[in-house]
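Undergrad: Can you read through this structure? Questions will come right after.
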Amino acid sequence: MNRHFLALNQYTKEALDALFALTRELKEEQKKGIPHRILEGKSVALIFDKSSTRTRISFEVGVHQLGAHPLFISSATSQMGRGEPVRDTARVMARYCDGIMIRTYGQEIVEEFARYSSVPVINGLTDLFHPCQIMADLFTVIEHKGKYDGLKFAWVGDGNNMANTWIEAAAILGFDLALACPEGYEPDRNVWDWAQKKATSSITVTRDPKEAVRDADVVNTDVWASMGQEQEQKVREVAFKGYCLDDDLVALAKPDCMVLHCLPAHRGEEITDSVIEGPRSVVWDEAENRLHVQKAIMASLMK
Ligand code: CP
Ligand code: NVA
(Lines give C-alpha, C1' and ligand atoms only; values in the text may rest on other atoms or scores of the structure.)
(Ligands and ions follow the chains in the order given, each with its own letter.)
Protein backbone atom coordinates (compact mmCIF):
# COMPACT_ATOMS: atom_id res chain seq x y z
CA MET A 1 0.00 0.00 0.00
CA ASN A 2 1.14 3.51 -0.82
CA ARG A 3 1.40 6.00 2.08
CA HIS A 4 -1.52 8.09 0.77
CA PHE A 5 -4.67 7.47 -1.31
CA LEU A 6 -4.75 10.41 -3.71
CA ALA A 7 -5.33 8.79 -7.11
CA LEU A 8 -5.71 5.24 -8.39
CA ASN A 9 -2.66 5.66 -10.66
CA GLN A 10 -0.44 5.22 -7.60
CA TYR A 11 -1.71 1.66 -7.18
CA THR A 12 -1.26 -1.70 -8.86
CA LYS A 13 -4.02 -4.16 -9.72
CA GLU A 14 -2.79 -6.37 -6.85
CA ALA A 15 -3.04 -3.52 -4.34
CA LEU A 16 -6.57 -2.59 -5.46
CA ASP A 17 -7.66 -6.25 -5.41
CA ALA A 18 -6.31 -6.51 -1.84
CA LEU A 19 -8.46 -3.51 -0.88
CA PHE A 20 -11.54 -5.20 -2.39
CA ALA A 21 -10.77 -8.37 -0.40
CA LEU A 22 -10.42 -6.40 2.85
CA THR A 23 -13.61 -4.49 2.03
CA ARG A 24 -15.48 -7.78 1.72
CA GLU A 25 -14.13 -8.99 5.09
CA LEU A 26 -15.00 -5.76 6.88
CA LYS A 27 -18.47 -5.64 5.33
CA GLU A 28 -19.21 -9.24 6.34
CA GLU A 29 -17.99 -8.60 9.87
CA GLN A 30 -20.02 -5.44 10.17
CA LYS A 31 -23.18 -7.22 8.94
CA LYS A 32 -22.61 -9.95 11.56
CA GLY A 33 -22.03 -7.36 14.29
CA ILE A 34 -18.41 -8.41 14.77
CA PRO A 35 -16.45 -5.33 15.90
CA HIS A 36 -13.18 -4.43 14.15
CA ARG A 37 -11.65 -1.57 16.10
CA ILE A 38 -8.51 -1.59 13.97
CA LEU A 39 -7.82 2.12 14.57
CA GLU A 40 -8.66 2.13 18.31
CA GLY A 41 -7.67 5.40 19.96
CA LYS A 42 -6.73 7.19 16.73
CA SER A 43 -8.18 10.41 15.28
CA VAL A 44 -9.02 11.09 11.63
CA ALA A 45 -9.66 14.62 10.31
CA LEU A 46 -12.20 15.04 7.51
CA ILE A 47 -11.74 18.34 5.69
CA PHE A 48 -14.49 19.62 3.40
CA ASP A 49 -14.04 22.48 0.98
CA LYS A 50 -17.20 21.38 -0.91
CA SER A 51 -20.62 20.05 0.12
CA SER A 52 -21.20 16.38 0.88
CA THR A 53 -23.77 13.91 2.15
CA ARG A 54 -22.33 10.44 1.44
CA THR A 55 -18.63 11.19 1.86
CA ARG A 56 -19.09 12.98 5.16
CA ILE A 57 -21.42 10.43 6.69
CA SER A 58 -19.66 7.32 5.40
CA PHE A 59 -16.28 8.58 6.60
CA GLU A 60 -17.59 9.70 10.01
CA VAL A 61 -19.40 6.40 10.58
CA GLY A 62 -16.51 4.38 9.15
CA VAL A 63 -13.96 6.05 11.41
CA HIS A 64 -16.24 5.41 14.39
CA GLN A 65 -16.68 1.72 13.44
CA LEU A 66 -12.89 1.34 13.26
CA GLY A 67 -12.66 2.58 16.86
CA ALA A 68 -11.22 6.00 15.98
CA HIS A 69 -12.51 9.54 16.43
CA PRO A 70 -13.65 11.53 13.36
CA LEU A 71 -13.22 15.32 13.24
CA PHE A 72 -15.39 17.13 10.70
CA ILE A 73 -13.59 20.27 9.54
CA SER A 74 -15.16 22.74 7.16
CA SER A 75 -12.63 24.89 5.34
CA ALA A 76 -15.02 27.82 5.68
CA THR A 77 -14.95 27.78 9.49
CA SER A 78 -11.27 26.92 9.90
CA GLN A 79 -8.24 29.10 9.22
CA MET A 80 -7.97 27.45 5.79
CA GLY A 81 -10.94 29.55 4.72
CA ARG A 82 -8.98 32.65 5.79
CA GLY A 83 -5.96 31.75 3.70
CA GLU A 84 -3.68 29.73 6.03
CA PRO A 85 -1.32 27.96 3.61
CA VAL A 86 -2.06 24.31 2.81
CA ARG A 87 1.44 23.26 3.82
CA ASP A 88 1.12 24.88 7.26
CA THR A 89 -2.30 23.32 7.87
CA ALA A 90 -0.99 19.92 6.77
CA ARG A 91 1.99 19.97 9.13
CA VAL A 92 -0.10 21.13 12.09
CA MET A 93 -2.96 18.67 11.53
CA ALA A 94 -0.53 15.77 11.17
CA ARG A 95 0.74 16.58 14.69
CA TYR A 96 -2.76 15.92 16.10
CA CYS A 97 -4.30 13.31 13.80
CA ASP A 98 -3.45 9.84 12.52
CA GLY A 99 -5.02 10.35 9.11
CA ILE A 100 -6.64 13.09 7.02
CA MET A 101 -9.32 12.98 4.33
CA ILE A 102 -9.76 16.03 2.11
CA ARG A 103 -12.49 17.02 -0.34
CA THR A 104 -11.42 20.08 -2.29
CA TYR A 105 -11.04 21.67 -5.74
CA GLY A 106 -7.60 21.22 -7.31
CA GLN A 107 -5.84 17.86 -7.24
CA GLU A 108 -2.65 19.85 -6.58
CA ILE A 109 -4.11 20.87 -3.19
CA VAL A 110 -4.41 17.27 -1.94
CA GLU A 111 -0.99 16.53 -3.39
CA GLU A 112 0.58 19.47 -1.58
CA PHE A 113 -1.24 18.48 1.60
CA ALA A 114 0.13 14.95 1.33
CA ARG A 115 3.66 16.20 0.65
CA TYR A 116 3.67 18.11 3.92
CA SER A 117 1.66 15.66 6.02
CA SER A 118 3.48 13.01 8.03
CA VAL A 119 0.24 10.98 8.26
CA PRO A 120 -1.79 9.35 5.44
CA VAL A 121 -3.98 11.60 3.28
CA ILE A 122 -7.06 10.34 1.41
CA ASN A 123 -8.65 12.12 -1.56
CA GLY A 124 -12.39 12.49 -0.84
CA LEU A 125 -12.97 14.13 -4.28
CA THR A 126 -11.20 16.79 -6.27
CA ASP A 127 -12.08 18.39 -9.59
CA LEU A 128 -9.84 15.75 -11.21
CA PHE A 129 -10.54 12.49 -9.34
CA HIS A 130 -12.98 10.68 -7.03
CA PRO A 131 -11.04 7.50 -6.19
CA CYS A 132 -13.06 6.40 -3.12
CA GLN A 133 -16.21 6.48 -5.24
CA ILE A 134 -14.81 4.38 -8.08
CA MET A 135 -13.51 1.82 -5.55
CA ALA A 136 -17.04 1.60 -4.10
CA ASP A 137 -18.50 1.33 -7.60
CA LEU A 138 -16.13 -1.49 -8.54
CA PHE A 139 -16.76 -3.30 -5.27
CA THR A 140 -20.50 -3.11 -6.05
CA VAL A 141 -19.86 -4.61 -9.48
CA ILE A 142 -17.79 -7.42 -7.92
CA GLU A 143 -20.61 -8.12 -5.44
CA HIS A 144 -23.25 -8.33 -8.17
CA LYS A 145 -21.27 -9.88 -11.03
CA GLY A 146 -18.54 -11.73 -9.10
CA LYS A 147 -15.81 -9.95 -11.10
CA TYR A 148 -14.89 -6.92 -13.16
CA ASP A 149 -12.68 -8.78 -15.66
CA GLY A 150 -14.18 -9.27 -19.08
CA LEU A 151 -17.04 -6.83 -18.48
CA LYS A 152 -17.81 -3.81 -20.63
CA PHE A 153 -18.21 -0.56 -18.68
CA ALA A 154 -19.93 2.45 -20.25
CA TRP A 155 -19.84 6.09 -19.19
CA VAL A 156 -22.38 8.61 -20.49
CA GLY A 157 -21.88 12.31 -19.80
CA ASP A 158 -19.25 14.70 -18.57
CA GLY A 159 -15.56 13.85 -18.79
CA ASN A 160 -15.29 14.86 -15.14
CA ASN A 161 -13.63 13.59 -11.94
CA MET A 162 -15.69 10.38 -12.08
CA ALA A 163 -14.89 9.73 -15.75
CA ASN A 164 -11.18 10.42 -15.19
CA THR A 165 -11.08 7.97 -12.29
CA TRP A 166 -12.91 5.30 -14.33
CA ILE A 167 -10.27 5.71 -17.04
CA GLU A 168 -7.48 5.13 -14.52
CA ALA A 169 -9.31 2.12 -13.07
CA ALA A 170 -9.80 0.58 -16.53
CA ALA A 171 -6.11 1.04 -17.38
CA ILE A 172 -4.93 -0.51 -14.09
CA LEU A 173 -7.47 -3.32 -13.76
CA GLY A 174 -7.76 -4.15 -17.45
CA PHE A 175 -11.47 -3.88 -18.25
CA ASP A 176 -13.02 -2.29 -21.34
CA LEU A 177 -14.44 1.21 -20.93
CA ALA A 178 -16.48 3.11 -23.54
CA LEU A 179 -17.15 6.76 -22.77
CA ALA A 180 -19.62 9.03 -24.53
CA CYS A 181 -18.94 12.72 -23.89
CA PRO A 182 -20.15 15.85 -25.70
CA GLU A 183 -17.61 17.89 -27.63
CA GLY A 184 -15.65 20.12 -25.28
CA TYR A 185 -16.43 17.94 -22.26
CA GLU A 186 -13.91 15.16 -22.81
CA PRO A 187 -11.87 13.62 -19.97
CA ASP A 188 -8.62 15.20 -18.78
CA ARG A 189 -5.93 15.04 -21.47
CA ASN A 190 -3.09 13.93 -19.16
CA VAL A 191 -5.20 11.18 -17.62
CA TRP A 192 -6.22 10.06 -21.10
CA ASP A 193 -2.65 9.94 -22.42
CA TRP A 194 -1.41 8.12 -19.31
CA ALA A 195 -4.18 5.52 -19.63
CA GLN A 196 -3.69 4.96 -23.35
CA LYS A 197 -0.02 4.19 -22.74
CA LYS A 198 -0.71 1.88 -19.82
CA ALA A 199 -3.90 0.08 -20.84
CA THR A 200 -4.06 -3.41 -22.25
CA SER A 201 -7.86 -3.13 -22.56
CA SER A 202 -9.94 -0.91 -24.82
CA ILE A 203 -10.64 2.63 -23.52
CA THR A 204 -12.52 4.72 -26.07
CA VAL A 205 -14.43 7.99 -26.25
CA THR A 206 -17.25 8.72 -28.67
CA ARG A 207 -19.94 11.40 -29.07
CA ASP A 208 -22.62 8.73 -29.36
CA PRO A 209 -24.15 7.48 -26.07
CA LYS A 210 -25.78 4.56 -27.94
CA GLU A 211 -22.44 3.31 -29.19
CA ALA A 212 -20.94 3.51 -25.70
CA VAL A 213 -23.84 1.75 -23.99
CA ARG A 214 -24.41 -1.01 -26.58
CA ASP A 215 -23.85 -4.44 -24.93
CA ALA A 216 -22.44 -2.88 -21.77
CA ASP A 217 -22.51 -4.80 -18.47
CA VAL A 218 -22.22 -1.67 -16.35
CA VAL A 219 -23.63 1.73 -17.28
CA ASN A 220 -22.63 4.80 -15.32
CA THR A 221 -23.41 8.50 -15.45
CA ASP A 222 -23.08 11.64 -13.31
CA VAL A 223 -24.38 15.19 -13.11
CA TRP A 224 -23.86 17.55 -16.03
CA ALA A 225 -22.47 20.32 -13.81
CA SER A 226 -20.21 19.25 -10.95
CA MET A 227 -19.57 21.17 -7.75
CA GLY A 228 -17.89 24.44 -8.64
CA GLN A 229 -19.49 24.51 -12.13
CA GLU A 230 -22.98 25.59 -11.06
CA GLN A 231 -22.76 28.80 -13.09
CA GLU A 232 -22.29 26.70 -16.27
CA GLN A 233 -25.56 24.80 -15.70
CA LYS A 234 -27.53 26.49 -18.52
CA VAL A 235 -24.75 26.13 -21.10
CA ARG A 236 -24.26 22.51 -20.09
CA GLU A 237 -27.96 21.72 -20.38
CA VAL A 238 -27.65 22.56 -24.08
CA ALA A 239 -24.35 20.72 -24.60
CA PHE A 240 -25.53 17.56 -22.83
CA LYS A 241 -28.88 17.23 -24.63
CA GLY A 242 -29.18 13.56 -25.64
CA TYR A 243 -26.84 12.41 -22.86
CA CYS A 244 -29.63 11.25 -20.58
CA LEU A 245 -29.63 7.68 -19.30
CA ASP A 246 -33.23 6.77 -20.09
CA ASP A 247 -35.00 3.43 -20.64
CA ASP A 248 -34.33 3.46 -24.41
CA LEU A 249 -30.60 3.91 -23.88
CA VAL A 250 -30.39 1.31 -21.09
CA ALA A 251 -32.27 -1.16 -23.36
CA LEU A 252 -29.21 -1.20 -25.64
CA ALA A 253 -27.01 -2.54 -22.82
CA LYS A 254 -26.98 -6.21 -21.79
CA PRO A 255 -30.34 -7.29 -20.30
CA ASP A 256 -28.68 -7.88 -16.91
CA CYS A 257 -26.66 -4.65 -16.94
CA MET A 258 -26.10 -2.68 -13.76
CA VAL A 259 -26.79 1.05 -13.60
CA LEU A 260 -24.50 3.09 -11.36
CA HIS A 261 -24.68 6.72 -10.28
CA CYS A 262 -22.45 8.18 -7.56
CA LEU A 263 -25.27 10.52 -6.43
CA PRO A 264 -26.55 13.13 -5.95
CA ALA A 265 -28.61 12.62 -9.14
CA HIS A 266 -30.57 15.19 -11.13
CA ARG A 267 -33.56 13.20 -12.32
CA GLY A 268 -34.67 14.29 -15.77
CA GLU A 269 -31.18 15.56 -16.66
CA GLU A 270 -28.45 12.89 -16.79
CA ILE A 271 -30.76 10.05 -15.68
CA THR A 272 -34.51 9.47 -15.67
CA ASP A 273 -36.53 8.67 -12.58
CA SER A 274 -37.55 5.41 -14.24
CA VAL A 275 -33.93 4.25 -14.67
CA ILE A 276 -32.66 5.26 -11.24
CA GLU A 277 -35.69 3.63 -9.58
CA GLY A 278 -35.69 0.71 -12.04
CA PRO A 279 -34.60 -2.92 -11.62
CA ARG A 280 -31.09 -2.40 -13.00
CA SER A 281 -30.20 0.42 -10.67
CA VAL A 282 -27.83 -0.50 -7.81
CA VAL A 283 -27.27 3.05 -6.59
CA TRP A 284 -28.21 2.35 -2.95
CA ASP A 285 -25.78 -0.59 -2.68
CA GLU A 286 -23.21 1.63 -4.37
CA ALA A 287 -23.75 4.42 -1.81
CA GLU A 288 -23.54 1.93 1.08
CA ASN A 289 -20.30 0.51 -0.23
CA ARG A 290 -18.60 3.88 0.21
CA LEU A 291 -18.60 3.04 3.91
CA HIS A 292 -17.05 -0.41 3.55
CA VAL A 293 -14.44 0.46 0.94
CA GLN A 294 -13.26 3.58 2.80
CA LYS A 295 -12.90 1.55 6.01
CA ALA A 296 -10.61 -0.82 4.09
CA ILE A 297 -8.60 2.12 2.74
CA MET A 298 -8.26 3.72 6.18
CA ALA A 299 -7.44 0.42 7.88
CA SER A 300 -4.74 -0.32 5.30
CA LEU A 301 -3.16 3.15 5.51
CA MET A 302 -3.47 3.99 9.19
CA LYS A 303 -3.20 0.80 11.22
N1 CP B 1 -21.04 10.51 -4.21
C2 CP B 1 -20.59 11.43 -3.34
O3 CP B 1 -19.40 11.65 -3.17
O4 CP B 1 -21.59 12.04 -2.64
P5 CP B 1 -21.47 13.29 -1.68
O6 CP B 1 -21.14 14.48 -2.55
O7 CP B 1 -22.81 13.42 -1.03
O8 CP B 1 -20.38 13.04 -0.68
N1 NVA C 1 -18.91 15.00 -10.41
C2 NVA C 1 -19.61 15.30 -9.19
C3 NVA C 1 -19.52 14.16 -8.24
C4 NVA C 1 -20.26 14.37 -6.94
C5 NVA C 1 -20.10 13.24 -5.99
C6 NVA C 1 -19.02 16.56 -8.56
O7 NVA C 1 -17.79 16.70 -8.58
O8 NVA C 1 -19.77 17.40 -8.09
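Undergrad: Starting from the range 55-76, take each residue that is touching a residue at least 24 places away in the same chain (Cβ under 8 Å) and list its partners that are hydroxyl-bearing (Ser, Thr, Tyr) and more than 16 Å from ligand 2 (Cβ to nearest atom), counting only C-beta distances under 7 angstrom and pairs at least six apart or across chains.
TA: Close Cβ pairs satisfying both conditions: 68/43; 69/43; 71/43.
Undergrad: Same structure again: Quick one: in the range 268-303, of everything that is touching a Cys at 6+ places or on another chain (Cβ under 9 Å) and acidic (Asp, Glu), which residue is surrounded by the fewest Cβ atoms within 10 Å (Cβ to Cβ)?
TA: 269
Undergrad: Does the range 48-73 hold any residues that are of a type in the set (A, V, I, L, M) and away from ligand 2 (no atom under 16 Å from the Cβ), and which are they?
TA: Passing the criteria: 61, 63, 66, 68, 71, 73.
Undergrad: When you scan the range 146-158, do you find a residue that is surrounded by fewer than 23 Cβ atoms within 10 Å (Cβ to Cβ), within 16 Å of ligand 2 (Cβ to nearest atom), among the hydroxyl-bearing types (Ser, Thr, Tyr) and not in a helix (DSSP H, G or I), even just one?
TA: no
Undergrad: Among 227, 298, which is within 22 Å of the chain's Cα centre (by Cα) and either in a helix (DSSP H, G or I) or among the polar types (S, T, N, Q) (or both)?
TA: Result: 298 is the single residue among 227, 298 that is within 22 Å of the chain's Cα centre (by Cα) and either in a helix (DSSP H, G or I) or among the polar types (S, T, N, Q) (or both).
Undergrad: Take the residues of the range 182-232 that are among the polar types (S, T, N, Q), closer than 26 Å to residue 104 by Cβ and exposed (fewer than 15 other Cβ atoms within 10 Å of the Cβ): which is farthest from ligand 2 (Cβ to nearest atom)?
TA: Checked the range 182-232; the qualifying residue farthest from ligand 2 (Cβ to nearest atom) is 190.
Undergrad: Something else now. Of the residues in the range 18-58, how many are surrounded by fewer than 15 Cβ atoms within 10 Å (Cβ to Cβ) and either modelled with pLDDT under 95 or within 20 Å of residue 2 (Cβ to Cβ) (or both)?
TA: Going through the range 18-58 one residue at a time, the tally reaches 1.
Undergrad: Run residue 286 past the list (1) part of a loop (DSSP other than H, G, I, E, B); (2) touching a Ser or Thr at 6+ places or on another chain (Cβ under 7 Å) and report the number of the one that doesn't hold.
TA: (1)
The values are calculated or read from the model by the stated rules, or taken from the named source; none is laboratory data. No experiment lies behind these values; they were computed from the predicted model shown. Reconstructed Cβ throughout: ideal geometry from the backbone, glycine too, with neighbour counts over all protein chains shown.
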